Amino acid sequence: MQSVIVGWQVYSISGSVLDLGLIGLAEAIPFILISIFSGHIADTFNRKKIIVLFTSIFILASAALLYLSVETSGLLKLYGTFPIFILVGIIGIIRGFMSAALSPFLSQLLPRKLYGNGATWNSTIWHLASIIGPSISGFLVAIDYMTAYGLALVFISIALFSLLFIPKKETPAKEEGESIWESISVGVKFVMKNQLVLGALSLDLFAVLFGGAVALLPDFAKNVLNAGPVELGYLRAAPAFGAAIMALIIAYRPPVHNAGKILLYSVAGFGVSTILFGLSTNFWLALFFLFLTGAFDNVSVVIRHSILQLATPDNMRGRVSAVNGIFIGSSNEIGAFESGLTAKWWGTKAAIIVGGSLTILVVAITGKISPKLRKLNLKDLE
């Protein structure tokens with residue numbers, strides 16, 4: 001919800017498509033910087049406590065966004081979008097710690113043979129939230145920003161309350177006497193030397209980096225589709241709806257055999273769908289092609305998460321998850337900046353089409369240089 005609300009609010013204040021990209025950059029820079037250390041923290045301290053602590057801080061940041069939108073505060077009139085960008089940066093730090101701890105904690109809650117199904121259902125629930133959230137926020141923004149931020153704050157508080165009921169799990173033992181820098185370097189070296197992990201992360205990194213059409217949706221909706229905030233909410237929800245439908249299919253027919261080839265084809269499909277979306281001038285066609293981007297993307301997400309969980313030792317999951325966050329989590333935001341910058345140079349439609357084309361090129365290169373990934377069967381990792 002908040003990503004839609006912040007995007008529309010910033011765009012309504014500045015009217016700049018570049019600012020839509022800068023939102024992503026404001027979150028990505030602190031996310032990347034803190035992720036260098038957050039993986040070490042997630043492998044050293046209790047992961048549930050880390051998740052609870054930073055969800056609590058997220059509530060405070062969300063409350064601050066709500067306060068900014070109260071007309072009597074006057075801060076947005078005085079400072080423009082600057083306070084929003086500061087809070088987005090703080091949320092980037094929060095995400096850095098959360099992403100390093102969440103995936104490893106999920107792995108602690110499940111037996112190894114259920115990692116693949118766990119990744120699928122985790123992705124399904126996440127995408128259902130990504131459908132409902134943007135759809136709700138589009139209607140709420142049409143009312144006012146305070147109502148929109150207020151309901152988002154309620155949901156985040158419910159999430160914190162729910163976390164308290166999850167059993168605590170002890171963090172797996174690490175190498176004794178290992179310094180923080182040694183700990184960090186071990187995680188980075190593991191990723192760089194593992195062709196499967198590095199190939200999967202690189203593929204998603206560049207696909208998301210170049211295929212960041214979602215960041216431009218406020219401008220695309222307004223100036224290409226002649227749509228308002230309600231339609232924007234539907235457009236933002238469309239990829240998640242496609243992902244949720246695909247996740248339900250994968251739950252019953254998991255991509256275990258020929259997983260590497262399926263991964264490459266799905267990312268290529270994501271690129272083609274992005275191009276077709278960029279060519280759209282009809283709202284319903286645009287909605288359909290965004291639906292397809294989410295469906296194809298979810299296949300790659302499930303396979304990548306399965307690779308990470310199956311190929312990573314328990315005591316390194318936090319650090320590898322942090323590296324994954326730098327590759328994937330930050331690429332959404334940096335991709336948003338890249339899309340905003342290219343849209344300013346060439347226009348929104350051209351930026352989306354070029355991004356989708358580069359995604360397809362990345363698939364071709366990755367398939368050529370990563371034979372282990374191309375030939376992967378997930379059964380071989382179990």
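Against the list (1) assigned to a helix (DSSP H, G or I); (2) closer than 28 Å to L310 by Cα; (3) modelled with pLDDT under 90, the condition A159 fails is (3).
Out of R95, R112, one residue alone is under 30 Å from P167 (Cβ atoms), of a type in the set (K, R) and surrounded by 22 or more Cβ atoms within 10 Å (Cβ to Cβ). It is R95. Does S16 satisfy the criteria of being surrounded by fewer than 20 Cβ atoms within 10 Å (Cβ to Cβ) and under 25 Å from L232 (Cα atoms)? For S16, the condition - surrounded by fewer than 20 Cβ atoms within 10 Å (Cβ to Cβ) and under 25 Å from L232 (Cα atoms) - is met.
Can you pull out the helices (runs of 4 or more DSSP H) entirely within the range 1-76 that have at least 1 residues that are basic (K, R) and more than 17 Å from the chain's Cα centre (by Cα)? Even if it seems obvious, please write down each step before you answer.
Working: elements: 2-14, 17-44, 47-68.
Per the criteria, 47-68.
Enumerate the pairs (first residue in the range 346-359 and surrounded by 17 or more Cβ atoms within 10 Å (Cβ to Cβ) and polar (S, T, N, Q); second residue anywhere and assigned to a loop (DSSP other than H, G, I, E, B) and at pLDDT 80 or above) with beta-carbon separation below 8 Å, excluding pairs fewer than 6 apart on the same chain, so at least 6 apart or on different chains. Here the result reads T348/V224, each pair linking the range 346-359 to a residue that is assigned to a loop (DSSP other than H, G, I, E, B) and at pLDDT 80 or above. Condition check for I328 on (1) under 26 Å from P218 (Cβ atoms); (2) modelled with pLDDT of 70 or more: one failure, at (2).
Mind telling me which of the residues L225, L290, L235, L279 ends up being within 16 Å of K349 (Cβ to Cβ), surrounded by fewer than 19 Cβ atoms within 10 Å (Cβ to Cβ) and modelled with pLDDT of 80 or more? Before the answer, list the steps.
Working: L225 fails: surrounded by fewer than 19 Cβ atoms within 10 Å (Cβ to Cβ); L290 fails: surrounded by fewer than 19 Cβ atoms within 10 Å (Cβ to Cβ); L235 fails: surrounded by fewer than 19 Cβ atoms within 10 Å (Cβ to Cβ).
After ruling out the rest, the residue left standing is L279.
Among V323, V267, which is the only one that is at pLDDT 80 or above, of a type in the set (V, I, T) and buried (at least 23 other Cβ atoms within 10 Å of the Cβ)?
Details: V323 fails: at pLDDT 80 or above.
Being at pLDDT 80 or above, of a type in the set (V, I, T) and buried (at least 23 other Cβ atoms within 10 Å of the Cβ) holds for just one of V323, V267, which is V267.
The values are calculated or read from the model by the stated rules, or taken from the named source; none is laboratory data. The structure presented is a predicted model; accordingly, all values stated were derived computationally and were not measured. No Cβ is skipped: glycine too gets one built from the backbone with ideal geometry, and neighbour counts run over all protein chains shown.
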